Amino acid sequence: MKYSKNKKIMDEKIQRTFNNFKNKRVGVFCDDSNLFYAYKKSGWRIDYKKLKKLLEKYCDLKFINYYIAVPDKDDPSRANTEKFLLKLRDYVILKKKDLKYIPNGKGVIKKGDVDINVTLDVVRSISELDLVIVLSGDSDYLELKNYVARDMKKEIIFMGYKDNMAWELKQYCRIIFLDKIKELIAL
C-alpha cells in the first residue's frame with residue numbers, strides 16, 4: 001500500500017512538472033562540462049534512455065544534444081570517456097570537440113567548455129522549437145535565457161542538480177531540479 005501511495009504522489013508531481021510540455025516541440029541541450037562535476041558531487045548520473053522516454057511521454061521531443069569535450073588519445077581518461085559515449089549514442093546526438101590542455105606552473109588544466117557550442121545550436125534551432133531545455137547549472141547561460149525568452153518569445157527551462165545550480169539561474173529562470181526526479185532518471 002505504501003509503495004503505491006508514494007508512486008501515485010510521485011506520478012502527480014511529475015505530471016504537474018511536465019504537463020506544461022504537452023504539444024510543444026522541445027530541444028534538449030546537455031552541457032557535459034557542467035554535468036560532469038555535478039555527477040561527481042551528487043554521486044549519481046542521469047540515464048539518458050530514461051530521460052528520453054520521460055520527455056517523449058510529455059512532449060514532442062525533437063532531439064537531445066549532448067555536448068562533450070573528448071580527451072586526447074594519450075590521455076588515460078579517454079577509455080572511460082569512450083565507454084560512456086558508447087552508452088549514450090543511442091539516445092542523444094553527440095556533439096564532440098577536443099578537450100583543451102592548458103599548462104600552468106603546477107601541471108596541466110583540462111578545459112572542456114562547450115557553452116558557446118550549446119548557445120549557437122540553441123540560436124540555430126530556436127525557430128523549430130517551442131521550448132528549450134538546457135541541462136546545466138552554469139550561470140553563463142543567463143544571457144541565453146534572455147535571448148530565448150525575451151527576444152524570441154520562447155520558453156526555456158534549466159534542468160540540473162540542485163547543489164550545482166548557479167544562484168543567478170535559480171533567481172531568474174524556470175528550473176527543474178534533477179534530484180526531484182532522480183528515481184525516474186537515475187542510472
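The values are calculated or read from the model by the stated rules, or taken from the named source; none is laboratory data. No experiment lies behind these values; they were computed from the predicted model shown. Counting neighbours? That spans all protein chains shown, and the Cβs are built from the backbone with ideal geometry, glycine included. Please note that ligands, DNA and RNA were not included when accessible areas were found on the heavy atoms of the full protein model with its side chains. Shrake-Rupley method; radii C 1.70, N 1.55, O 1.52, S 1.80 Å.
A quick yes/no check of all residues on (1) at pLDDT 95 or above; (2) open to solvent by less than 10 Å² (accessible area, probe 1.4 Å); (3) out of contact with any Phe, Trp or Tyr (no Cβ under 9 Å at 6 or more places or on another chain):
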residue	(1), (2), (3)
L94	yes, no, no
K100	no, no, yes
P103	no, no, yes
K106	no, no, yes
V114	no, yes, no
T119	yes, no, no
R124	yes, no, yes
S127	yes, no, yes
D140	no, no, yes
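Among the residues of segment 100-112, is there at least one that is touching a Cys at 6+ places or on another chain (Cβ under 7 Å) and among the β-branched types (V, I, T)?
No, segment 100-112 contains no residue that is touching a Cys at 6+ places or on another chain (Cβ under 7 Å) and among the β-branched types (V, I, T).
Out of all the residues in segment 72-83, is one or more of a type in the set (A, V, I, L, M) and either over 22 Å from I185 (Cα atoms) or exposed (fewer than 11 other Cβ atoms within 10 Å of the Cβ) (or both)?
Initially, segment 72-83 is screened for residues of a type in the set (A, V, I, L, M), giving 79.
Then drop every residue that is not either over 22 Å from I185 (Cα atoms) or exposed (fewer than 11 other Cβ atoms within 10 Å of the Cβ) (or both), which leaves 79.
Scanning segment 72-83, I find at least one residue that is of a type in the set (A, V, I, L, M) and either over 22 Å from I185 (Cα atoms) or exposed (fewer than 11 other Cβ atoms within 10 Å of the Cβ) (or both), so the answer is yes.
What about F18, is it part of a helix (DSSP H, G or I) and closer than 21 Å to K145 by Cα?
yes
Among the residues of segment 153-171, are any surrounded by fewer than 17 Cβ atoms within 10 Å (Cβ to Cβ), under 16 Å from F29 (Cα atoms), of a type outside the set (F, W, Y) and within 17 Å of the chain's Cα centre (by Cα)?
No: segment 153-171 contains no residue that is surrounded by fewer than 17 Cβ atoms within 10 Å (Cβ to Cβ), under 16 Å from F29 (Cα atoms), of a type outside the set (F, W, Y) and within 17 Å of the chain's Cα centre (by Cα).
In the list R25, R16, R45, which residue meets the criterion of being at pLDDT 90 or above, within 19 Å of D179 (Cβ to Cβ) and either open to solvent by 70 Å² or more (accessible area, probe 1.4 Å) or basic (K, R) (or both)?
When all the criteria are applied, what remains is R45.
All but one of (1) within 19 Å of K95 (Cβ to Cβ); (2) assigned to a loop (DSSP other than H, G, I, E, B); (3) in contact (Cβ under 8 Å) with a residue 40 or more places away in the chain hold for D72; which doesn't?
(3)
Are any of the residues in segment 57-69 surrounded by fewer than 16 Cβ atoms within 10 Å (Cβ to Cβ), over 24 Å from N164 (Cβ atoms) and more than 16 Å from the chain's Cα centre (by Cα)?
Yes - at least one qualifying residue is present in segment 57-69.
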